[in-house]
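Have a look at the structure below before the remarks.
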Amino acid sequence: MSQTPAPARIPGPLLGIVSAFALFSIIPAPVLPTVDRRIATRAIRAFPWMGILLGVVAGAVAGGVLAAGAGPWLAGVLALAWLAAATGGFHLDGVADTADGLGSRAPAERALAIMKQSDIGPMGVISLLMVLLIDLGALTSLTATAAVAGPGSWWRVALLVLVGPSVGRASILLATLPSVSCARPGGFGSLVAGVTTGRAAGINMVCLAVVWAVLGWLVSGWAGAALVVVAAVLALVWAQGWTRHLVRRFGGVTGDCFGSLNETTQCVLWVVLAIGAALFW
């Protein structure tokens, strides 16, 4: 007879990142002592940093494939496959469900019910395909640009790719400020809705901006730092607009909305980086 593993004793400094992996990925993590608002708060504050760790692997995959000479398409596909697999398609499912809710043109209550259904409609399929195709196009463009820049430029791709998952999850950090209402009390999204204070968001965003700028600087000096920071700002501006639209449409956000935020913000970031790299490398 199988037994449930005993909750692990997780050191305080590691609780946030461990909670983020336990709640938002399929990567094995220590069993949490409980899942409540306190744990959710820690997880959300660590969420962008979890994105950096996921991005390190995605970047290494893309850069490694490119360094091996296997081509930009395979590099992009495998990087995306890792990110989807590591999260169990959690955020991509949010893209499809949110698109079905918006595409229904039904009142908020009915749209939320449609989003909660397990099936996927035509708007969900189309939106999911478009997001993945744009992601793949942007990553392929980045890796192809690096190939043109020279055989030793694969590591630049690795650094630029790893920024995407972090910026995408930073949009969720901002969407969990108290000013953003929850559309479905009792759902999974309500566990993290409103858990981020303005001070915590500010500290996280400043630290993240420094990390993003350093990564850009390693890629191409101050021009690279400026490109990454500008791309991140534009992606997060998109995220703020998308969040406001979802709140107006549904009366608040849900877990599915958070998933769509992550994926579309990441998508915008990579597109801007791909265009910028092609112009300035």
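The values are calculated or read from the model by the stated rules, or taken from the named source; none is laboratory data. Fair warning: this is a prediction, and the values are worked out from it, not measured in the lab. A quick note on method: Cβ atoms are made from the backbone with ideal geometry, for glycine too, and the neighbour counts reach across all protein chains shown. In case anyone asks, the SASA skips ligands and DNA or RNA and just uses the protein heavy atoms, side chains included. Shrake-Rupley method; radii C 1.70, N 1.55, O 1.52, S 1.80 Å.
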Working with all protein chains in place, sort Ile120, Ile44 by solvent-accessible area computed with a 1.4 Å probe, largest first. Ile120, Ile44
Taking the dipole about the Cα centre of the chain, with the C-beta of Lys and Arg at +1 and of Asp and Glu at -1, give me whichever of Leu112, Leu133, Trp73 is farthest to the positive side. Leu112
Rounded to the nearest 10 degrees, the helix 154-175 long axis (Cα) sits at an angle to the longest Cα principal axis of the chain of 20 degrees
Here are labelled values, [x] 163; [y] 139; [z] 116, and one is the computed volume of the Cα convex hull per residue in Å³ for what I pasted. Which one? [y]
To the nearest 10 degrees, the tilt of helix 37-67 (Cα long axis) against the first principal axis of the alpha carbons of the chain is 30 degrees
Only Lys, Arg (+1) and Asp, Glu (-1) charged, at Cβ; region 79-198 dipole about Cα centre in debye: 200 debye
Relative contact order (percent) for the chain, with alpha-carbon contacts under 8 angstrom and 6 or more residues of separation? 24 percent
Note on region 17-116: alpha-carbon gyration tensor, axes a ≥ b ≥ c; rule is a/c under 1.5 for rounded, else prolate if a/b larger than b/c, else oblate; result oblate
Surrounding net charge for Ala201, when Lys and Arg each add one and Asp and Glu each subtract one, Cβ distance under 15 Å: +4
Using a 1.4 Å probe on the protein heavy atoms, what percent of the accessible area of the chain belongs to carbon and sulfur? 70 percent
Region 194-248 shape via C-alpha gyration tensor axes, a/c threshold 1.5: oblate
So, counting K/R as plus one and D/E as minus one, what does the shell of residues with Cβ under 15 Å around Leu132 add up to? -3
Taking the alpha-carbon centre of each part, the distance from region 156-218 to region 81-116 in Å is 20 Å
What does the charge count around Arg45 come to, taking other residues whose C-beta lies under 12 Å from its C-beta (Lys +1, Arg +1, Asp -1, Glu -1)? +4
Taking only protein heavy atoms and a 1.4 Å probe, the highest-to-lowest accessible-area order of Phe24, Phe90 is Phe90, Phe24
Expressed in square angstrom to the nearest 10, the accessible area of His91 with a 1.4 Å probe stands at 10 Å²
Under 5 Å, built H, 5+ apart or other chain: amide partners of Thr87: Ile26
Accessible area, probe 1.4 Å, largest first, for residues Glu109, Glu263: Glu109, Glu263
